[in-house]
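The values are calculated or read from the model by the stated rules, or taken from the named source; none is laboratory data. Note that the structure is predicted; figures quoted are calculated from it, not measured. Virtual Cβ from ideal backbone geometry, glycine too; neighbours counted across all protein chains shown.
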Amino acid sequence: MNRIAEFAVGLLFGWGLLVSGMTDPGKVLGFLDLAGAWDPSLALVMGGAILVGLLGFTLAKKRTRSFLGAAMHLPTARDIDRRLVLGSLTFGAGWGLAGFCPGPALVAMGAGIPKAALFVVSMIAGMLLFELFERQRRARTQ
Amino acid sequence: MTIDWVNFTPWSALAGGILLGLASAAFILLNGRVLGISGILGGLLVPRRSDASWRVFFLMGLLVAPVTLALLAPTLIATPRIEANNAAIVAAGLLVGLGTRYGSGCTSGHGVCGLSRLSPRSMVATLAFMASGFLTVYVIRHLI
């Protein structure tokens, strides 16, 4: 049951990305280009998502188990530190450079777009570099 | 600032956003997980993890989304326009991979779920990656 739900939610999220226009880097860059002809569509994507999300998370915060009986894994980190800010700034630079963020890139790869696949492979390489750097950092501090 | 009315698609944006919100709400309420793509994918790259299967099932759903929606409602899918050349794509992918892991999230985990949880940490992250995205596009399109 859980596996079916996870697959279905992935599918629904992918459809949302496609319908919203997020899987089109041209659309994303049109939103990020404040100084050019600005396309505000993505603000409505975020607005619509957060409107529904607020209801869902308000309900989720009151529960100790999920409706399918899974443990609730709500984030516990609270610290606003250099890692969070520098990491997010780095992510934004990559987002602005290509117009892809992780979800839309995976969906566009699923649609068979070669540049999306190249982006995903590079993104995974970046994530593996993070794991490598973290391992080195842990080894130094031990 | 001038508004690009020709490319402005308020209804599909809102409808797509609502689907993203529904999926995020369903994930926390049914599976007890925050729907964050970079975290779900990144968690697969760490060895010794026994929780790989839910990540794989979620990602499979994401990957088959275009094929299934193309069968159900092909007119809803816009053709992607990709301006970046291959070198820029590789650089962007590396930055997104590194940045989302250091920053513990991306547009979905921080932007949608984090803001829906009213998390101050996610608000800071979202402001940071949006500002950096705006600045990067400004430099590429208007300065270089």
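Here are a few things to note about the model shown:
- When A:G14, A:G112 are checked against the criterion of being farther than 15 Å from B:G114 by Cβ, outside any helix (DSSP H, G or I) and of a type outside the set (K, R), A:G112 stands alone in meeting it.
- Output for the range B:108-125, where each listed residue is assigned to a helix (DSSP H, G or I) and either surrounded by fewer than 23 Cβ atoms within 10 Å (Cβ to Cβ) or modelled with pLDDT under 95 (or both): B:L115, B:P120, B:R121, B:M123, B:V124
- Any hit, the range A:61-79, residues being over 23 Å from B:A13 (Cα atoms) and part of a helix (DSSP H, G or I): yes
- Some residue of the range B:4-15 being among the charged types (D, E, K, R) and in contact with a Pro (Cβ under 9 Å, 6 or more places away or on another chain): yes
- Test result for B:I37, touching a residue at least 40 places away in the same chain (Cβ under 8 Å), facing another protein chain (nearest Cβ under 7 Å) and in contact with a Phe, Trp or Tyr (Cβ under 7 Å, 6 or more places away or on another chain): no
- Candidates B:L35, B:L20, B:L44: the one that is crowded, with 20+ Cβ neighbours inside 10 Å, touching a helix residue (DSSP H, G or I) at 6+ places or on another chain (Cβ under 9 Å) and part of a helix (DSSP H, G or I) is B:L20.
- Considering the range B:70-107, and only residues there that are part of a loop (DSSP other than H, G, I, E, B) and of a type in the set (S, T, Y), the residue that is surrounded by the fewest Cβ atoms within 10 Å (Cβ to Cβ) turns out to be B:T79.
- Test result for B:G97, more than 7 Å from every other protein chain (Cβ to nearest Cβ) and at pLDDT 95 or above: no
- The set of residues from the range A:81-104 being under 26 Å from B:G32 (Cβ atoms), surrounded by 15 or more Cβ atoms within 10 Å (Cβ to Cβ) and not hydroxyl-bearing (S, T, Y) comprises A:L84, A:G87, A:F91, A:C101, A:P102, A:G103, A:P104.
- Selected residue (criterion: farthest from the other protein chains (Cβ to nearest Cβ)) from residues of the range B:1-17 that are of a type outside the set (V, I, T) and assigned to a loop (DSSP other than H, G, I, E, B): B:W5
- For first residues located in the range A:12-30 and more than 7 Å from chain B (Cβ to nearest Cβ), partners that are surrounded by 24 or more Cβ atoms within 10 Å (Cβ to Cβ) and of a type in the set (F, W, Y) and lie 6+ apart or on another chain with Cβ distances below 8 Å form the pairs A:V28/A:W95; A:V28/A:F100.
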